[in-house]
1. Which condition breaks for Ser68 when tested against (1) closer than 18 Å to Ala137 by Cα; (2) in a strand (DSSP E or B)?
2. Within the group Ile205, Ile232, which residue is modelled with pLDDT of 90 or more, crowded, with 20+ Cβ neighbours inside 10 Å and either under 29 Å from Ala130 (Cβ atoms) or of a type outside the set (D, E, K, R) (or both)?
3. Taking the stretch 5-21 on its own, how many of its residues are within 24 Å of Ala137 (Cβ to Cβ) and in contact (Cβ under 8 Å) with a residue 24 or more places away in the chain?
4. Within the stretch 1-55, take every residue that is among the aromatic types (Phe, Trp, Tyr) and part of a loop (DSSP other than H, G, I, E, B) and give me the one that is surrounded by the most Cβ atoms within 10 Å (Cβ to Cβ).
5. Which residue out of Arg109, Arg57 is in contact with a Phe, Trp or Tyr (Cβ under 7 Å, 6 or more places away or on another chain) and either β-branched (Val, Ile, Thr) or at pLDDT 85 or above (or both)?
6. Regarding the stretch 208-221, can at least one residue be identified that is part of a helix (DSSP H, G or I) and modelled with pLDDT under 90?
7. So, in the stretch 150-167, of the ones that are aliphatic (A, V, I, L, M) and at pLDDT 90 or above, which residue ends up surrounded by the fewest Cβ atoms within 10 Å (Cβ to Cβ)?
8. If I go through the stretch 140-162 residue by residue, how many of them are closer than 17 Å to Leu231 by Cα and in contact with a Leu (Cβ under 7 Å, 6 or more places away or on another chain)?
Amino acid sequence: MSTKRWLVRLSGSPGDLEDLATSFTSDDRRVFKESDLFYLTSSDYLPEMDANEVRQRALEHIQMMNGSAILQFLNNRQVKIDDVISQNQDGTRIHYMTIVAETVSARARGTLSAVSNGSERIVPSTPTMAAWVSLAAQDGAIQKALRILGESVHDWVDLYKLYEVVEEDVGGSEKDGQKKIIRNGWANKEKIELFKHTANCTKAIGDASRHGHSRWEQPDKPMTIAEAKSLIFPLLVQWMDSKIPRTP
């Protein structure tokens, strides 16, 4: 029986890596710190796999984990794979390096809030990152949402895709999905319609619009991209949280 195990070394800001290490502690996905470096291990990384197979599986995991961290902490930078390592029984390690393009940006924290029926309420930042990622393994809609979050730039097109994932999942059609979102108290009608209007309107947001044509008239007060994120991110959190099994 092989005792080889796979380690995936991660790169990113120390704070973001610490967040993942705190949130992902189970055998299916565990992030841990060793000599100031952070590693991801998983029961999915089988000894008989080769480095490319492990890297591909780890990329899928990292996309989901990055997506969950963005929702949990808002402006997290993306954590990336730095190295894939096989560790033998005697402790020797073989490295299969990955080239990572580095970017520099500030790291910030925030609190999600949602507006429903005209009143603002705080969406609690609960430790649900691991629960969301676990759900994604069985739920294609959540997997798609976390994947988009984890690999996109969160522009108008990305945000609209995320909204449509929720809308289709809860209601099937656009009309029924929007009604269900409103009925659940996850967002109000006025905000949703202004979001859609702005996202589709080149007269409001130019080339960032979902469309190339200019048939949509500009709303009186277009939604800003920051306001759009403040609508969509809490919506995603409430939708995913509604799927987490509750202990009686």
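1. Status for Ser68: all satisfied but (2).
2. Ile232
3. Matching residues across the stretch 5-21 total 11.
4. Phe24
5. Arg57
6. Checked against the condition, which is being part of a helix (DSSP H, G or I) and modelled with pLDDT under 90, the stretch 208-221 yields at least one hit.
7. Val157
8. 4
The values are calculated or read from the model by the stated rules, or taken from the named source; none is laboratory data. Since the model is a prediction, treat every value here as computed from it, not as a measurement. Cβ coordinates were reconstructed from backbone atoms using ideal geometry, including for glycine residues, and neighbour counts include every protein chain displayed.
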